[in-house]
1. Quick check on SER102: is it surrounded by fewer than 17 Cβ atoms within 10 Å (Cβ to Cβ) and closer than 20 Å to PHE160 by Cβ?
2. Say we look at segment 1-44 and pick out the residues that are surrounded by fewer than 20 Cβ atoms within 10 Å (Cβ to Cβ) and hydroxyl-bearing (Ser, Thr, Tyr); which of these is modelled with the highest pLDDT?
3. Listed residues ARG140, ARG225; which is in contact with a His (Cβ under 9 Å, 6 or more places away or on another chain), touching a residue at least 12 places away in the same chain (Cβ under 8 Å) and buried (at least 17 other Cβ atoms within 10 Å of the Cβ)?
4. Kindly provide the set of residues from segment 20-60 that are more than 16 Å from the chain's Cα centre (by Cα) and either under 11 Å from LYS9 (Cα atoms) or not assigned by TED's automatic domain parsing to the domain that holds ALA196 (or both), ordered by number.
5. Can ARG240 be described as modelled with pLDDT of 95 or more, in the same structural domain as PRO159 (by TED's automatic domain parsing) and within 14 Å of the chain's Cα centre (by Cα)?
6. Would you be able to say whether some residue in segment 191-210 is over 21 Å from the mean Cα position of the chain (by Cα) and at negative phi?
7. Scan segment 220-237 residue by residue and report those that are assigned to a loop (DSSP other than H, G, I, E, B) and over 22 Å from the mean Cα position of the chain (by Cα).
8. Tell me which residues, restricted to segment 143-189, are in a helix (DSSP H, G or I), buried (at least 19 other Cβ atoms within 10 Å of the Cβ) and among the hydroxyl-bearing types (Ser, Thr, Tyr).
Amino acid sequence: MIAAKDVGKRFGDAADGVTAIANISMNIAEGEFVSLLGPSGCGKSTFLRCLAGLEQTTGGTLLVDGKPIEGPPERLGMAFQRDALLDWMNVLDNVLLPADFSGGRRREFEPRARELLKMAGLSGFVQAYPRTLSGGMRQRVAMCRSLLLEPRLLLMDEPFGALDALTRDQLNVDLHRLWTQLRMTVVFVTHSISEAIFLSSRIVVFSPRPGTVIEDIQVELPDERRLAVRETEPFGRYSRHVRGLFENMGLLHD
């Protein structure tokens, strides 16, 4: 579904510009959940924005379904660290916003909006306003909104980064459950090693800026993942391996 070959992105000119990513190569098949893991400033979000058609690459080739990205790909969903809910709209109206923007298809998509809210445990809050919700509930609403138009590709840029640990854990479970049910392709940016392992079918580890791919790791854990999987030996092996990569880059030390 996604093919990246030697992708680069530079901001500014040769004299005083910044190279954010360099020689990024990877293939992502339809239905995979791929986490981009690396330190702050390594270009993970820049690569995500290139995938979304919000930034143009300055080197290499980046294809979706075999075609160069010249704007947002069809059936794209996006979720960011800030939920960007509209405070003057209730929960249902916020989720239906993409339908309103896609030709006034609200009536067509309202049943799906209600079903997504039910799957996210929010069926009792369809008439509530964002100001009355917790941070975790707001992010669930944002997730439902990003899934409304049945995206084939969902791009997520640290959507849980601002949440407390317990809420983040619960949303990890919720997101993985939604992915196993809907099987859209997900590219997920995170700084958290345990989050990447828990959620992903693959983890792509980025180096410090300019970001390059250090390793592409296949995650073989049970499809149905509960938080207890983090206490298992296979999970521990993945964690130790990834930490070792960061130690070798000088980013972690005792």
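1. Against the criterion (surrounded by fewer than 17 Cβ atoms within 10 Å (Cβ to Cβ) and closer than 20 Å to PHE160 by Cβ), SER102 does not qualify.
2. Among those residues, the one meeting the criterion is SER25.
3. After applying the criteria, what remains is ARG225.
4. Result: ALA20, ILE21, ALA22, ASN23, ILE24, GLU55, GLN56, THR57, THR58, GLY59, GLY60.
5. Working: modelled with pLDDT of 95 or more: yes; in the same structural domain as PRO159 (by TED's automatic domain parsing): yes; within 14 Å of the chain's Cα centre (by Cα): no.
No, not satisfied.
6. Quick first cut of segment 191-210, residues over 21 Å from the mean Cα position of the chain (by Cα) only: none.
No, the conditions are met nowhere in segment 191-210.
7. THR232
8. If the condition is that a residue be in a helix (DSSP H, G or I), buried (at least 19 other Cβ atoms within 10 Å of the Cβ) and among the hydroxyl-bearing types (Ser, Thr, Tyr), then SER146 is the only one that fits.
The values are calculated or read from the model by the stated rules, or taken from the named source; none is laboratory data. Source: prediction; values computed, not measured. FYI the Cβ positions are ideal-geometry reconstructions off the backbone, even for glycines, and counts take in every protein chain you see.
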